[in-house]
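A.B. asks: Quick one: the structure is below, and I'll ask about it shortly.
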Ligand SMILES: [Fe+2]
């Protein structure tokens with residue numbers, strides 16, 4: 001089954017979209033919400049990199065491993081294993097940590113707590129090991145990460161960092177990873193029609209929310225406190 005030809009009903013952004021179209025729409029919508037790096041303070045730049053690192057360093061391989069455990073089709077497993085092999089062999093968590101340290105943005109306890117609730121929601125979802133939904137979530141994630149790299153690189157540059165290995169590698173390898181995961185998704189959907197029922201974008205939306213908290217936590221926090229002060 002080609003996921004691009006599998007049309008689902010959705011209330012937004014149009015009544016009916018293919019899965020691939022909706023993934024791309026969700027990625028674009030998230031990217032459109034990004035602030036201009038030049039308009040951010042040093043602390044806001046540091047916060048975004050730190051919260052991103054707090055999520056990515058310890059969770060990407062964990063979630064992709066969840067997708068491997070959940071996958072029923074041999075084709076999906078081969079594609080996901082290949083992805084994991086690259087992550088572990090090239091020590092992507094180490095790359096992530098070097099990137100954050102060089103930008104003076106290694107996460108503090110406050111950074112980790114800022115993403116804690118939304119991160120837990122994604123972890124609980126991953127733990128249900130629903131193959132189609134989980135592979136779809138990771139497909140969205142790879143597609144987003146690849147296009148998020150220029151913004152992340154600009155934040156680091158403005159933090160006077162010259163460390164670019166993480167953003168350079170993920171700006172390139174995640175293109176192939178996204179294509180591979182769309183193939184894995186098609187194989188999984190063909191083998192598991194029951195897994196295609198209901199809201200298969202559940203994981204995508206949880207991860208979308210987590211990414212928005214990473215990027216917009218300061219603004220959400222400030223507006224929450226402003227409205228709290230206004231009612232006092
Ligand atoms: Fe990676």
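Every number in this text was worked out from the coordinates using simple rules, so none of it is lab data. All values reported here derive from a predicted model rather than from experimental measurement. In this analysis, Cβ positions are derived from the backbone assuming ideal geometry, glycine residues included, and neighbour counts consider all displayed protein chains.
A.B. asks: Kindly provide the helix-only [θ] at 222 nm of the chain, computed as the sum of -39,500 (n - 2.57) over DSSP H runs of four or more divided by all residues, to the nearest 500 deg cm²/dmol? Don't skip to the end; give the middle numbers.
C.D. replies: Numbers: 9 runs with 172 residues, N = 232.
Estimated from H runs of four or more residues: -25500 deg cm²/dmol.
A.B. asks: Also: Within a 10 angstrom radius of the beta carbon, how do 188, 163, 43 rank from fewest other beta carbons to most?
C.D. replies: By the 10 Å Cβ count, ascending: 43, 163, 188.
A.B. asks: Which log10 I(q)/I(0) values does region 27-133 give at q = 0.13, 0.15, 0.18, 0.19 Å⁻¹ under the Debye formula, counting every alpha carbon as one identical point scatterer?
C.D. replies: -0.61, -0.79, -1.04, -1.11
A.B. asks: Picking from 54, 103, 162, which is most flexible by a Gaussian network model of the chain using Cα springs under 10 Å?
C.D. replies: Maximum among the listed residues: 162.
A.B. asks: Please compute the contact order of the chain in relative form: average sequence separation of alpha-carbon pairs under 8 Å and at least six residues apart, divided by the residue count, as a percent.
C.D. replies: 29
A.B. asks: Could I have the simple spin-label model distance between residue 169 and residue 69, label points 7 Å from Cα toward Cβ, reported in nm to one decimal?
C.D. replies: About 2.4 nm, to one decimal.
A.B. asks: Only counting other Cβ atoms within 10 Å, I'd like 27, 78, 172, 132 sorted with the fewest neighbours first.
C.D. replies: Going from sparsest to densest Cβ surroundings: 172, 78, 27, 132.
A.B. asks: Here's something else I'd like to know. Rounded, prolate or oblate, given the Cα gyration tensor of region 152-222, with a/c below 1.5 counting as rounded?
C.D. replies: The shape class here is oblate.
A.B. asks: Next question. Report Rg(Cα)/(2.2 N^0.38 Å) for region 41-218, keeping two decimals. All intermediate terms of the calculation are to be shown ahead of the outcome.
C.D. replies: Numbers: Rg = 16.1 Å, N = 178, 2.2 N^0.38 = 15.8 Å.
Normalised by 2.2 N^0.38 Å, the Cα Rg of region 41-218 equals 1.02.
A.B. asks: Another question, then. Any chance you could check the Cα centroid distance between region 82-141 and region 37-68 for me, in angstrom?
C.D. replies: Comparing the Cα centres of region 82-141 and region 37-68, I get a distance of 7 Å.
A.B. asks: In nm, what is the difference between 0.36 nm times the number of residues separating residue 104 and residue 41 and their Cα-Cα distance?
C.D. replies: Contour length minus the Cα-Cα distance gives 21.3 nm.
A.B. asks: Which order results if 213, 108, 139, 65 are arranged by neighbouring Cβ count within 10 Å, fewest first?
C.D. replies: 108, 65, 213, 139
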